[in-house]
Amino acid sequence: MSDKSLIENIKNKLLERGYQDRLILREGQLCIPEKPICFGPDSTLFVDAIYHIEDEGRYLLAIAAPAAKLKAVMDVDFDIWDRLRGGDYAELVNVTVQSLSSMDEAFTIRRQYGMRKILADTFDVERYEWREGFPDFPACPYDHAYRGLGYDLQEKEYVRLAPSILKRKDLKRRSFE
């Protein structure tokens, strides 16, 4: 499989997951060229995944803007990637980069709304718990309040738990008192 087809395959997988728009860096803003929409560094954006296609020297970013109801892909070369990492978007792109050389490798999105997403294959009953009503929940990107969130006891941070985990009887549950 050529690198170009690998890039196209990844873009198609992201499209299947709802990342329908395309983002570019224009005059210091992340813009959707087909729509009159741009996001500045202070906009509420979340990078759900970053894929590095090593042989091609390209990065594909899966970016969500929940308030605008947009999910987009940004395809950048090393120079743009370096500008993002070293500029106003450094905090946004501070996400683990997954290097891919073929579609045979695991294709996952491990972040959602700025939080790590825990899937069933990485769940550890001793490490994670479900919390309800805690006052220190992060802000919801839809301007609502979370009723409950997963919590990583080891890293001491809130996480998104996959629906299959929420159905487990061995999931520890805590309510704020």
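Here, each number is a calculation from the coordinates, and none is a lab measurement. Values in this document were obtained by computation on a predicted structure and should not be read as measured data. Every residue, glycine among them, receives a Cβ derived from its backbone with ideal geometry; neighbour counts consider all protein chains shown.
Of all DSSP-defined beta bridges confined to the chain, some 70% are antiparallel rather than parallel.
Dividing the Cα radius of gyration of region 115-175 by 2.2 N^0.38 Å, with N the residue count, gives 1.05. Put a dot 7 Å past the Cα of residue 136, heading toward its Cβ, do the same for residue 38, and the two dots end up 3.9 nm apart.
Remark on residue 146: its backbone amide H falls under 5 Å from those of 140, a criterion applied only to residues 5 or more positions apart or on other chains, H modelled at 1.01 Å from N. Rg and Dmax over the alpha-carbon atoms of region 3-105 stand at 12.9, 37 Å.
Relative to the longest principal axis of the Cα atoms of the chain, the long axis of helix 3-16 makes an angle of roughly 40 degrees. For the chain, the list of Cys residues with no other Cys C-beta under 4.7 Å reads 140.
Its alpha carbons give the chain an Rg and a Dmax of 17.4, 56 Å. In this structure the amide hydrogen of residue 118, modeled in the peptide plane, comes within under 5 Å of the amide hydrogens of 160, 161, 162, none closer than 5 places in sequence on its chain.
Measuring from a point 7 Å past the Cα of residue 168 along Cα-to-C-beta, which residues in region 118-140 have an amide N at less than 18 Å? Flagged as within label range: 118-132. Full extension of the chain segment joining residue 5 with residue 94 gains 29.4 nm, where the gain is 0.36 nm per residue of separation less the Cα-Cα distance.
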